[in-house]
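First the structure, in the form of structure tokens, and then the observations on it.
The values are calculated or read from the model by the stated rules, or taken from the named source; none is laboratory data. Keep in mind that what you see is a predicted model, and the values were worked out from it rather than measured. Here the Cβ positions follow ideal geometry from the backbone for every residue, glycine too, while neighbour counts run over all protein chains shown.
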Amino acid sequence: MNVELLQEEAILSASMSLSSMLQRPDQLEKVEQYKQRVTRKKTSVEAMLKTAVQSQLDGVISGLQQLQSALVDLGDIRQRLHEIEDCIQILPTLTESVKQVQEEHVIYSQYAVAMENLKHIFTVPESVDKTRQWISEGKLLHAHQSLTDLENSRDDLLYELHRLPNHSLQDKQMLKAYFSGVQQLSEQLGKQLWLVLGRSLNTVRKEPQVVVTAVRIIEREERADVYALQRQKQSGFLPPDRPKRWKARALEVLSDAVVERIEGNQFEERDDNKMWLVRHLEVTRLLIIEDLRVVKTLCSPCFPPHWDIVNQFVQKYHLNLSKHLEEVIAAGLVANEFVTLLSWVLQTYPGPELLQHPDIGIDPKCLGLLLNDETVEKLFNAYLNNMASNYNDWMQKTVEAEARDWRRPVVPESNGDGHYHTESIVIIFQMVEQNLQVSRTISDGLMMRALNLGLEQITQYGLLYREAINVFKSKHFEDRSQVPYFTHYMIAIVNNCLHAMELSHQTKTRYGTKSVDQTNAMSIANSFENLRQTYESLRTEAAGFLLDEAFLDLEPHFQDLLTRRWVVSTVPVDTICATLEDYFQDYMHLRPQNFEFVIRQAETCITRKYITSIFQKKISLKDERRDVAEKIIQEAGQIEALLAPALPSHSIGSDLHRSSEDAPQKAISALAEVVKCDSEIITLELINFIKKYPDVTQDQLACLLTLRGDFGRLEARQRVADLLSSSSKNESTKTTIFSLIPVPSSFFS
């Protein structure tokens with residue numbers, strides 16, 4: 001420590017402190033106060049230093065005293081260690097001299113054990129017989145006490161043999177052979193206990209003390225196992241037949257009893273009763289409820305709390321029931337057995353009818369699934385495959401039966417409004433609805449999958465329906481005398497198609513928005529759309545066949561149009577109108593929407609055939625051009641008059657806002673006006689015609705000009721080409737009747 005440096009620092013600090021205190025003249029008056037304050041502070045510091053130094057000195061003195069005392073103690077210890085060394089030098093000779101005493105002590109201890117167990121040794125056969133008798137009499141506690149005494153005697157003797165350095169294996173085997181009956185008694189007592197526990201659910205109702213006795217014996221054996229294992233760790237000796245693990249065996253017995261109760265209530269097979277599975281599952285449900293009620297109320301007091309006997313039984317029923325149901329599934333299910341099992345597993349078992357029953361009150365989430373997801377999915381697929389197979393069989397038979405009905409000499413059935421129909425479409429939708437209701441009892445997810453399958457099957461039925469209709473139509477047109485009511489059944493088919501679309505819409509309203517899975521929802525939406533398109537196209541096709549029947553009779557009369565005979569006669573159009581009017585009376589059996597649809601198709605067909613006759617250029621017009629044009633306009637009006645009463649005042653669907661000017665038959669009058677007009681205004685007339693019918697082709701216009709008789713073919717084509725090239729088609733996207741009419745190839749030859 002540098003004292004001089006400390007003094008300098010002290011002086012510097014004092015100077016700074018003094019300068020801070022005497023910065024103003026008025027502070028000089030307080031110099032005396034400052035001196036007194038510094039003096040008091042100095043005195044206090046000196047006193048503290050004196051105290052600290054004195055404390056340090058006292059500590060040093062105490063330490064020196066302790067060191068002196070330790071030095072004395074070390075000397076004393078050194079002396080005692082020398083004395084001990086002198087004493088232990090004679091120990092080897094002493095050990096040799098007492099060796100004989102040690103040997104005698106071991107022999108004595110063996111004799112002591114033998115004397116202690118002497119009464120048991122000599123009475124082993126008698127004790128074994130007595131214990132066996134108690135077991136047979138059901139006095140299990142007495143039997144177990146006697147068995148315990150015998151086992152203790154045997155184990156003590158074997159333990160003494162084990163302790164001998166050179167014990168004889170022959171002596172050990174002799175002892176085991178002498179006590180062999182003891183192990184047999186243990187096995188007999190165990191069998192009796194297992195018998196009691198196997199019947200515990202019945203025994204506990206009348207004699208709960210028997211169950212309590214069995215559990216007490218098992219608990220004692222568990223403690224004996226623990227003691228034997230602890231002694232094995234210390235000495236390496238383990239008695240025969242230890243550990244017995246009777247508690248684990250007892251739980252196995254309870255599990256076996258559960259399996260027996262579950263499998264034992266199946267009283268019937270499928271051959272005996274088709275409802276065997278329903279009866280079996282219902283009996284199982286009642287049995288589980290009753291057994292678990294007994295476990296909670298009667299068994300629970302008979303078992304120690306650490307056995308957790310209620311949860312043990314619940315787990316064993318859950319696991320063994322799961323295994324049993326998997327065995328039932330592996331054996332094969334048929335028909336409605338899939339529904340029965342799935343509904344029971346997914347709805348009945350975890351619901352208030354079983355696990356959540358008021359007397360049981362078990363949370364299904366604590367147990368997990370009765371059947372794993374993979375097994376449930378396989379059942380779902382098997383159920384849906386079975387459903388699809390039933391659909392396929394039924395649809396094939398239904399189509400065949402309906403095809404036979406079409407050939408009967410009987411008109412189809414009609415509803416209260418006189419509209420023809422057959423029941424096949426209604427039946428298949430009812431079948432789908434029934435399957436949906438059944439599937440809903442299992443799960444909403446399965447119901448939506450069943451819905452998708454049903455829609456696909458109805459669509460498939462539409463394809464089968466189409467094939468049968470085509471065969472029906474082909475055979476009829478080969479010989480029209482074979483089917484007397486072809487028109488009537490075609491009317492019923494058209495009505496069926498519309499009914500299918502309506503039923504599909506109703507089904508979509510009920511079920512189409514219930515799927516929460518986006519992928520599944522898209523699939524179902526696509527299925528609904530495919531079904532609608534299938535039956536809509538089938539309706540159009542069937543309506544075409546219906547009209548084919550009518551127009552097949554009218555074809556000769558259409559061929560007479562625009563001929564020389566037609567110029568002077570009204571027979572062709574009169575006959576066409578009369579025939580169609582007669583067919584329209586039959587078409588009144590169509591449903592209103594179908595009736596309008598068919599009439600619209602007929603309107604288009606008449607117009608198309610009439611215009612085609614105009615384009616065929618069967619006559620050449622010159623001076624009679626105006627008369628022929630007037631006749632065409634008159635007949636167009638006649639056709640319009642025929643169709644007007646048949647069509648409602650307003651249209652449905654895509655024709656909702658169609659004006660009378662857009663009617664197909666108006667094109668006939670428009671063509672007649674072109675034929676009728678003078679050559680000077682033909683260009684203006686053609687421009688107006690093109691604006692109204694933008695899809696008319698160059699060939700059609702050229703054919704029309706040549707029909708007038710005042711244009712040659714080349715001139716007509718050139719005139720039309722120039723006109724089309726110079727005119728702008730503002731309504732080029734509009735489609736009219738002319739898109740359906742080809743120009744005869746003979747016109748260009």
Legend entry - Residue list for region 469-485, filter: aromatic (Phe, Trp, Tyr) and closer than 18 Å to THR540 by Cβ: PHE472
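Quick test for you: out of ARG285, ARG270, pick the one residue that is over 30 Å from ARG231 (Cα atoms), of a type in the set (Lys, Arg) and either touching a Ser or Thr at 6+ places or on another chain (Cβ under 6 Å) or surrounded by fewer than 16 Cβ atoms within 10 Å (Cβ to Cβ) (or both). Steps first, please.
Values: ARG285 fails: either touching a Ser or Thr at 6+ places or on another chain (Cβ under 6 Å) or surrounded by fewer than 16 Cβ atoms within 10 Å (Cβ to Cβ) (or both).
Just one listed residue meets the conditions, ARG270.
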Inset, instruction - Scan ILE491, ILE458 and give me the residue that is within 26 Å of ASP393 (Cβ to Cβ) and among the aliphatic types (A, V, I, L, M). - result: ILE458
Inset, instruction - Go through region 341-443 and tell me which helices (runs of 4 or more DSSP H), entirely inside it, have 2 or more residues that are among the β-branched types (Val, Ile, Thr). - result: 373-406, 424-440
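Going by the structure shown, is GLU207 free of Cβ contacts under 8 Å to residues at least 60 places away in the same chain and outside the structural domain of ALA331 (by TED's automatic domain parsing)? So that I can check it myself, show each step before the final result.
Numbers: free of Cβ contacts under 8 Å to residues at least 60 places away in the same chain: yes; outside the structural domain of ALA331 (by TED's automatic domain parsing): yes.
Yes.
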Legend entry - Number of the condition not met by GLY445 [criteria: (1) at pLDDT below 85; (2) closer than 19 Å to HIS499 by Cβ]: (2)
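Here's the yes/no breakdown for (1) in contact with a strand residue (DSSP E or B) (Cβ under 8 Å, 6 or more places away or on another chain); (2) modelled with pLDDT of 80 or more; (3) surrounded by fewer than 19 Cβ atoms within 10 Å (Cβ to Cβ); (4) in a helix (DSSP H, G or I):
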{"site": "SER649", "(1), (2), (3), (4)": "no, no, yes, no"}
{"site": "ALA702", "(1), (2), (3), (4)": "no, yes, no, yes"}
{"site": "THR706", "(1), (2), (3), (4)": "no, yes, no, yes"}
{"site": "ALA716", "(1), (2), (3), (4)": "no, no, no, yes"}
{"site": "PRO742", "(1), (2), (3), (4)": "no, no, yes, no"}
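Every residue, every condition in (1) closer than 30 Å to ILE107 by Cα; (2) in contact with an Asp or Glu (Cβ under 7 Å, 6 or more places away or on another chain), yes or no:
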residue: GLN184; (1), (2): no, no
residue: TYR227; (1), (2): yes, no
residue: GLN234; (1), (2): yes, no
residue: ARG245; (1), (2): no, yes
residue: ALA248; (1), (2): no, no
residue: GLU252; (1), (2): no, no
residue: LEU277; (1), (2): no, yes
residue: THR284; (1), (2): no, no
Inset, instruction - Could you tell me whether region 512-520 includes any residue that is free of Cβ contacts under 8 Å to residues at least 60 places away in the same chain, assigned by TED's automatic domain parsing to the domain that holds SER424, out of contact with any helix residue (DSSP H, G or I) (no Cβ under 6 Å at 6 or more places or on another chain) and of a type in the set (A, V, I, L, M)? - result: yes
Legend entry - Failed condition for ARG132, given (1) over 30 Å from GLN232 (Cα atoms); (2) at pLDDT 80 or above: (1)
Legend entry - Extreme residue, surrounded by the most Cβ atoms within 10 Å (Cβ to Cβ), among residues of region 330-340 that are touching a Leu at 6+ places or on another chain (Cβ under 7 Å) and assigned to a helix (DSSP H, G or I): PHE338
Inset, instruction - Find all pairs meeting these conditions: Cβ atoms under 6 angstrom apart; at least six residues apart or on different chains; first residue within region 369-386 and closer than 19 Å to LYS323 by Cα and modelled with pLDDT of 85 or more; second residue among the polar types (S, T, N, Q) and surrounded by fewer than 18 Cβ atoms within 10 Å (Cβ to Cβ). - result: none
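Within the group GLU536, GLU596, GLU549, GLU541, which residue is assigned to a helix (DSSP H, G or I) and surrounded by fewer than 17 Cβ atoms within 10 Å (Cβ to Cβ)? Walk me through it before giving the result.
On the way: GLU596 fails: surrounded by fewer than 17 Cβ atoms within 10 Å (Cβ to Cβ); GLU549 fails: surrounded by fewer than 17 Cβ atoms within 10 Å (Cβ to Cβ); GLU541 fails: surrounded by fewer than 17 Cβ atoms within 10 Å (Cβ to Cβ).
Unique residue meeting the criteria: GLU536.
Can you work out which of the residues in region 508-538 that are of a type in the set (Asp, Glu) and at pLDDT 85 or above is nearest to the chain's Cα centre (by Cα)? Outline the logic, then answer.
Looking only at region 508-538, we keep the residues that are of a type in the set (Asp, Glu), and these are 517, 529, 536.
From what is left, the residues that are at pLDDT 85 or above are 529, 536.
Numbers: GLU529: 24, GLU536: 33 Å.
Among residues in region 508-538 that are of a type in the set (Asp, Glu) and at pLDDT 85 or above, the one nearest to the chain's Cα centre (by Cα) is GLU529.
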Inset, instruction - Take region 294-311 and flag every residue that is part of a helix (DSSP H, G or I) and surrounded by 14 or more Cβ atoms within 10 Å (Cβ to Cβ). - result: VAL294, VAL295, LYS296, LEU298, CYS299, SER300, CYS302, TRP307, ILE309, VAL310
Inset, instruction - Report, ordered by the first and then the second residue, all pairs with beta carbons closer than 7 Å, sequence separation of six or more or different chains, a first member in region 430-459 that is touching a residue at least 24 places away in the same chain (Cβ under 8 Å), and a second member that is surrounded by fewer than 18 Cβ atoms within 10 Å (Cβ to Cβ) and aliphatic (A, V, I, L, M). - result: LEU453/ALA388; GLN457/ALA388
Legend entry - Within region 290-324, tally of residues that are more than 28 Å from the chain's Cα centre (by Cα) and either of a type in the set (S, T, N, Q) or over 14 Å from VAL258 (Cβ atoms) (or both): 15
Inset, instruction - Scan the helices (runs of 4 or more DSSP H) fully inside region 161-253 and keep the ones with 3 or more residues being modelled with pLDDT of 80 or more and farther than 30 Å from GLN102 by Cβ. - result: 180-198, 200-206, 208-235
Legend entry - From PHE584, PHE558, residue being surrounded by 13 or more Cβ atoms within 10 Å (Cβ to Cβ) and closer than 22 Å to GLU478 by Cα: PHE558
Legend entry - So ASP574, is it surrounded by fewer than 19 Cβ atoms within 10 Å (Cβ to Cβ), modelled with pLDDT of 85 or more and charged (D, E, K, R): yes
Inset, instruction - Could you please give the count of residues in region 718-732 that are modelled with pLDDT of 75 or more and over 24 Å from VAL628 (Cβ atoms)? - result: 5
